Amino acid sequence: MLPIKSISLVLFTCLVGVGASHAAPSADAILVASDGIRNPGRPFSVTVTLTEYQKGKQVDATTLTSYSRTQPNGQFASIVRFVLPTRDAGKLMLKNGNDMWFYDPTNKASVRLSPQQRLLGQASNGDVATVNLAKDYKPTLVAEEEVLDGERNKRNAYKLALTAVSPDVTYASIEMWVDAQNNRPIKMRFFAESQRLLKTVYYRKYLPQLGAERPTESVIIDGLDPQSVTLMRFSDYVARAIPETWMQRDFLPRFQPE
Amino acid sequence: MNTYTHAVICGCLYSLSLCVTPVLAANDELDALSLESAPEVKPAAPTSLKWLAEGAWGNASQRYLPDSRNIGRASIDFSYASRLAPGWRAVVSDRLDYFEPALASTDATVNSLREAYLSWQPDGGNSIFELGRINLRYGPSYGYNPTDFFRDGSLRVLTTADPFALRENRLGTVMLRGQYMWSDSAVSVALAPKLADAASANGWNLDLGATNNRDRAVLMLSTQFSKNVSGQTLLYKQAVQSTAIGFNMAALLSDAATAHLEFSRSSEPSLIDRTLGATNATPTRNRFSGGVTYTTVGKLSVTAEYQYNGFALSQADWSALGGAPATQLAYLSEALRLQELAARQSYLIYVTQKSLGHKDLDLTAYLRLNPGDDSKLFWLELRRHWPNFDLSFQLQQNIGNANSEFGLLPDRRVVQVLGTYYH
């Protein structure tokens, strides 16, 4: 009987072990890991190329450089410098939570922005700034399902439902699909308080950047008009010393990119 | 069609739409995923030269003359910033304008050296020191900035009536400036010495007399009061006058609305006394401007602003000058030179609509109303963008009776077409 008992015990242990290894991690852990893949964990700059399409035809292209760092509250703050088109070169946007400013060096004017004011065609100002979702949203794991990724391949993914816990955020709720194998963000759907779909975003073209495989392109599809699409390409990630003091309105006139 | 049949057909159509919509959406997403980004453009190196060339042609209908007059302008505008060494930067910004016909009291060709300064930002980036001609501008308001203490005399030529674009021609003041920043606040001091006595009409003069005709200093403390509210407190001192105080604030009201205000209090000659050269009396009065900006999802931004200048003439005093239109015109000219509000009170509605019917067409318009005499200034611009070129149409209409602030101005209507090439 002893061998049978032992075999049973081994089998039970294996089954429990297998079950434990397959158990989904917590929604919080998935979201934090996914944030860590989208955003480097140290101050950095990145070149952002926005390409706008209407009905499949390119209608605009903009190049920016974004300088980001984590603030003491755990959220990112960014200064975005316009590079192209030429008429906008040198203009700056600061996003530090909801403290958003636009600075034009030609007339020295600093203008306070509301989240609804867009400087970048169809993309919102927040799209080009880095955001730690785990700071502002409470995630719930709602399903494990197959989803099409940005390269049009099927992936097994965790579906998270994110609800805003901070009143200052632009989106009331978010649906998010994260690769079950490696926590890479695959796709997000952003909703207004009225539950209206504002946009769908795919994350794709994962490449090694600043110590991890990160998405180097996102595809933003307008919620109202799916024929309106903005591609955002992220390139030239560089780790930089960006002091916390840069992330305020008074620094904008003195900003000098290195 | 009876009600029942109608209901059945509508029900079927609704059911069909429920089935078809997700399929369409999925197809749209697949189409979107087949798109490719534009070729990458490397950002410009830190050493950067930026310039533009602009030509304007237009016509102004006259209030006091039967014939209209043609107006023209050619401008070259450049700015250059160079990193000299780690932490060191040199900045030069200049503009050359040629007017046809020449503006009153200046040459036809006017060169404006707007900025020329050295900047030093020691390691750590928390402090900055600057020396040279610096364009230092305070205040979040759109049409009147009581806390912008270095504004007077800084506009050498007027090329537009747009209060935002107007500041692009502004001359900096020669000063030594230091700033120290904490994570959510900053303090700065600027010292501007007297370098000349009076402004120059010579178009090639540096015109230090316009910006540095007395010793001046300003101390500014900037504070982030909360996540949504920030402000600046200023103390300003100039030779002979007592210290002026100023305060400005900007706040986020909602996802779509922001608010701003500016206030200053000082003891100085009134605007009419300045015009008449009688500057002995220095009453203590206030200046104020405050407004709200609302932006719609459709990229329409509307700003409503109230403006008050305690040093300006009251409506009764302005009317009393009605028998001396030359004095009234001199008063308005002095207000423009000082970038002051000529009326005791004024309202401004400022509107921008991006992508007006076409992705690359923008509309900017404003209406300035003097409630005392009901005169108005209306200005509108339609601007079409191409990658390196803008084509604009501008209309300015000065509306009011002959004794009013805007009705008194010599130009009744100004129409202009502008072409701007950006490099």
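The values are calculated or read from the model by the stated rules, or taken from the named source; none is laboratory data. Given the structure is predicted, the values throughout are model-derived calculations rather than measurements. Methodologically, a virtual Cβ is constructed for each residue, glycine included, from the backbone with ideal geometry; neighbour enumeration extends over all protein chains shown.
Here is how the numbers come out for the structure above:
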| quantity | calculated |
| --- | --- |
| Single residue of A:Leu160, A:Leu231 found to be in contact (Cβ under 8 Å) with a residue 40 or more places away in the chain, among the aliphatic types (A, V, I, L, M), at the interface with chain B (Cβ under 8 Å from one of its Cβ atoms) and crowded, with 18+ Cβ neighbours inside 10 Å | A:Leu231 |
| Unique residue being in contact (Cβ under 8 Å) with a residue 60 or more places away in the chain, of a type in the set (Gly, Ala, Ser) and more than 14 Å from every other protein chain (Cβ to nearest Cβ) when the list is B:Gly322, B:Gly310 | B:Gly322 |
| Looking only at segment A:234-258, and only at residues there that are assigned to a loop (DSSP other than H, G, I, E, B) and more than 7 Å from chain B (Cβ to nearest Cβ), the one that is surrounded by the fewest Cβ atoms within 10 Å (Cβ to Cβ) | A:Ala241 |
| Complete set of residues in segment B:74-97 that are over 19 Å from A:Asn107 (Cα atoms) and modelled with pLDDT under 95 | B:Ser82, B:Arg83, B:Leu84, B:Ala85, B:Pro86, B:Gly87, B:Trp88, B:Arg89 |
| Hits in segment B:279-304 (condition: more than 14 Å from chain A (Cβ to nearest Cβ) and out of contact with any Ser or Thr (no Cβ under 9 Å at 6 or more places or on another chain)) | B:Thr279, B:Asn280 |
| Per-region count, segment B:385-410, residues assigned to a strand (DSSP E or B) and either surrounded by fewer than 17 Cβ atoms within 10 Å (Cβ to Cβ) or aliphatic (A, V, I, L, M) (or both) | 5 |
| Elements of type helices (runs of 4 or more DSSP H) in segment B:270-351, at least 2 residues being small (Gly, Ala, Ser) | B:315-320, B:325-337 |
| Failed criterion for A:Thr86 (all others in (1) at the interface with chain B (Cβ under 8 Å from one of its Cβ atoms); (2) among the β-branched types (Val, Ile, Thr); (3) in contact (Cβ under 8 Å) with a residue 12 or more places away in the chain; (4) surrounded by fewer than 20 Cβ atoms within 10 Å (Cβ to Cβ) hold) | (3) |
| Neighbours by Cβ (under 7 Å, 6+ apart or cross-chain): first from segment B:404-423, more than 20 Å from B:Phe99 (Cβ to Cβ) and within 14 Å of chain A (Cβ to nearest Cβ); second among the polar types (S, T, N, Q) and crowded, with 16+ Cβ neighbours inside 10 Å | B:Tyr422/A:Thr86; B:His423/A:Thr86 |
| Subset of segment B:344-362 [more than 22 Å from A:Ala89 (Cα to Cα), surrounded by 19 or more Cβ atoms within 10 Å (Cβ to Cβ) and in contact with a Leu (Cβ under 8 Å, 6 or more places away or on another chain)] | B:Arg344, B:Ser346, B:Leu348 |
| Answer from B:Arg214, B:Arg137, B:Arg156 - the residue that is closer than 30 Å to B:Phe99 by Cβ and surrounded by 22 or more Cβ atoms within 10 Å (Cβ to Cβ) | B:Arg156 |
| Test set (1) touching a Lys or Arg at 6+ places or on another chain (Cβ under 6 Å); (2) within 23 Å of B:Arg287 (Cβ to Cβ) - B:Gly139 fails condition number | (1) |
| Entirely in segment B:103-195, the strands (runs of 3 or more DSSP E) that have 3 or more residues that are small (Gly, Ala, Ser) | B:109-120, B:185-192 |
| Residues of segment A:39-83 classified as of a type in the set (Lys, Arg) and crowded, with 19+ Cβ neighbours inside 10 Å, total | 2 |
| Hits in segment B:363-384 - residues which are closer than 14 Å to B:Leu300 by Cα and either crowded, with 19+ Cβ neighbours inside 10 Å or in contact (Cβ under 8 Å) with a residue 40 or more places away in the chain (or both) | B:Thr364, B:Tyr366 |
| In segment A:102-134, residue farthest from the other protein chains (Cβ to nearest Cβ) [restricted to those that are among the charged types (D, E, K, R) and part of a loop (DSSP other than H, G, I, E, B)] | A:Arg118 |
| Tally of residues being without any contact (Cβ under 8 Å) to a residue 60 or more places away in the chain, more than 14 Å from chain B (Cβ to nearest Cβ) and touching a Lys or Arg at 6+ places or on another chain (Cβ under 9 Å) across segment A:181-208 | 3 |
| Answer residue from segment A:135-150, given it is more than 10 Å from every other protein chain (Cβ to nearest Cβ) and buried (at least 20 other Cβ atoms within 10 Å of the Cβ) and is farthest from the chain's Cα centre (by Cα) among those | A:Pro139 |
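Yes/no matrix, rows are residues, columns are (1) within 15 Å of the chain's Cα centre (by Cα); (2) surrounded by 18 or more Cβ atoms within 10 Å (Cβ to Cβ):
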{"site": "A:Ser114", "(1), (2)": "no, yes"}
{"site": "A:Leu119", "(1), (2)": "no, yes"}
{"site": "A:Leu197", "(1), (2)": "no, no"}
{"site": "A:Arg204", "(1), (2)": "yes, yes"}
